[in-house]
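What follows is calculated from the coordinates using simple rules that are stated; it is not laboratory data. No experiment lies behind these values; they were computed from the predicted model shown. Here the Cβ is made from the backbone with ideal geometry for all residues, glycine too, and neighbour counts use every protein chain on show.
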Amino acid sequence: MPEQTPHPSHLDQSDPAKADVRDIREEADREIEAYRDLAGLVLLMPEDRWDEFLRLTGATPQGDEVEYRGVSFHKAPVTAVVAQEGF
């Protein structure tokens with residue numbers, strides 16, 4: 001029987017729940033909708049998608065931060081829109 005190597009799921013950067021997301025703005029919108037309490041919510045935005053996000057939302061950044069739909073987004077070295085926790 002051949003030895004099977006487990007798939008390293010922590011390296012899989014695609015979330016099956018977001019397979020039908022059209023763009024980074026929609027990904028951000030879905031992440032916002034996942035939270036009930038938006039007060040103090042900070043979401044991290046992938047650096048390589050930052051300019052696209054700004055273009056699609058029309059939001060004006062203050063350095064590496066921007067307010068969108070009542071949520072603070074920070075440009076960060078992440079691979080997907082995620083909540084800032086423990087930073």
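Remarks
- Site pair Val42 and Gln62 shows an inter-label distance of 1.3 nm when each label is modelled 7 Å from Cα along Cα→Cβ.
- Think of each Lys and Arg Cβ as +1 and each Asp and Glu Cβ as -1; about the Cα centre, that makes the dipole of the range 21-76 roughly 140 debye.
- Low-density loop positions, GluC sites (Glu not before Pro), the range 16-87 - DSSP coil, at most 16 other Cβ in 10 Å: Glu85
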